[in-house]
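Right, one structure below, let's go through it.
The values are calculated or read from the model by the stated rules, or taken from the named source; none is laboratory data. Fair warning: this is a prediction, and the values are worked out from it, not measured in the lab. Positions of Cβ are generated from backbone atoms using ideal geometry, with glycine treated the same way; all protein chains shown enter the neighbour counts.
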Ligand SMILES: Cc1ncc(COP(=O)(O)O)c(C=O)c1O
């Protein structure tokens, strides 16, 4: 019998692990008091005084945006011309790059990821994601009916180039084109940033593979403005201009993260390709998606971003303010990493950014630890291969001693596990004894 929902919309009951963990933390704070809860679930930035981080350099500019600009539709589906210019200025001009790119405004980075998936792949075609990645990648794939193949993000403490190559090669063989996601710098959830040499290897491989079919590289730069090198990182984009004609790079830019203005819902797709015809076609398709899915993006937000990006004084004020919080993240991370090392709590390789991740390969132990930590009022997000610790939302006073607390809980779980295994092996040896009798 037919149902209200279509065949395609089955299996969409949304369990968003981030929102779920965040709600748990909020409930615990209400019950036990803020001072007794470690909320490492929120992916938004909280200051040392526990207040939500809002930049004065952003909101005083936003205050000056005239009411009519906040009220009106954007002048273009792809975003007002000044916004398109501002995005290019932010990503390219600030490091002296002149790149011929198309910009399409999207509601946050999420809009860019989703529209790219939708317009690069037909339903049923496979998208490639990292095995350890931002949870909603899966939701986006489900929404677009694109199955997912995963490459292993790490080999030891490095980007797993071989796994990336193998996964892309197999998918190219199977469907004649590839859409692959790379989230860099400050990867969510690990805080890993690829080296320039790793990028060179990846791009060399993509160029080669694109001889067999179109390769769309989705470069998710959500946390780009929170990397320690600052704008220097953006020099990398030059490399995308030297790719074969069969390669399209889509940079997914998130104003949510850059300005810590998550609810403003502003972002962009930035298209770079030496195949101008193909790039324009892609741009038009994304414009249609915009019109047909969300219409235009928040105009007041786009105007405010443009006023910051294109006015050197405003931009400098933002950079001064933001740099302080990039440094604070590094300080929080340093404490956690040092203490984790001291107590033997394994972490994935971390360089910078909002998150780091405790490495737990055993699925059962990981789930158990996630649950047990909640009983201790410690809230992290359960991700593939570990538990994500949002250092962006934990003040230093609560980071101190956290690794030890987690390790103690982990040890009790591992001990119980070992006992169960010993019991089980005793049972099974009894079984064997019986069998022998
Ligand atoms: C890795 C990553 N990509 C993209 C996004 C998109 O964020 P937004 O849609 O708010 O710009 C996020 C947000 O948390 C993220 O963590």
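Condition check: within 14 Å of the ligand (Cβ to nearest atom) and part of a loop (DSSP other than H, G, I, E, B). Does residue 140 satisfy that? Here the answer is no, as residue 140 does not meet what is asked. With respect to the stated conditions, residue 57 is buried (at least 16 other Cβ atoms within 10 Å of the Cβ) and under 30 Å from residue 235 (Cα atoms). The set of residues in segment 336-350 that are in contact (Cβ under 8 Å) with a residue 60 or more places away in the chain and buried (at least 18 other Cβ atoms within 10 Å of the Cβ) comprises 336, 339, 340, 345, 348, 349, 350. Based on what the data block shows, is residue 132 assigned by TED's automatic domain parsing to the domain that holds residue 252, within 14 Å of the ligand (Cβ to nearest atom) and in a loop (DSSP other than H, G, I, E, B)? Here the answer is yes, as residue 132 does meet what is asked.
Is it fair to say residue 86 is assigned to a helix (DSSP H, G or I) and crowded, with 16+ Cβ neighbours inside 10 Å? Answer is yes for this residue. Does residue 146 meet the test of being within 16 Å of residue 218 (Cβ to Cβ), away from the ligand (no atom under 16 Å from the Cβ) and assigned to a loop (DSSP other than H, G, I, E, B)? When the stated conditions are applied, residue 146 passes them.
Please tell me if residue 187 is within 13 Å of the ligand (Cβ to nearest atom) and in a loop (DSSP other than H, G, I, E, B). Yes; evaluated as a whole, the condition is true for this residue. If the condition is being crowded, with 18+ Cβ neighbours inside 10 Å and either under 12 Å from residue 191 (Cβ atoms) or at pLDDT below 95 (or both), then segment 320-335 contributes 329, 332, 333. Mind checking whether some residue in segment 98-107 is within 16 Å of the ligand (Cβ to nearest atom), in contact (Cβ under 8 Å) with a residue 12 or more places away in the chain, in a helix (DSSP H, G or I) and crowded, with 16+ Cβ neighbours inside 10 Å? Within segment 98-107 (the criterion being within 16 Å of the ligand (Cβ to nearest atom), in contact (Cβ under 8 Å) with a residue 12 or more places away in the chain, in a helix (DSSP H, G or I) and crowded, with 16+ Cβ neighbours inside 10 Å), the answer is no, since none of the residues qualifies.
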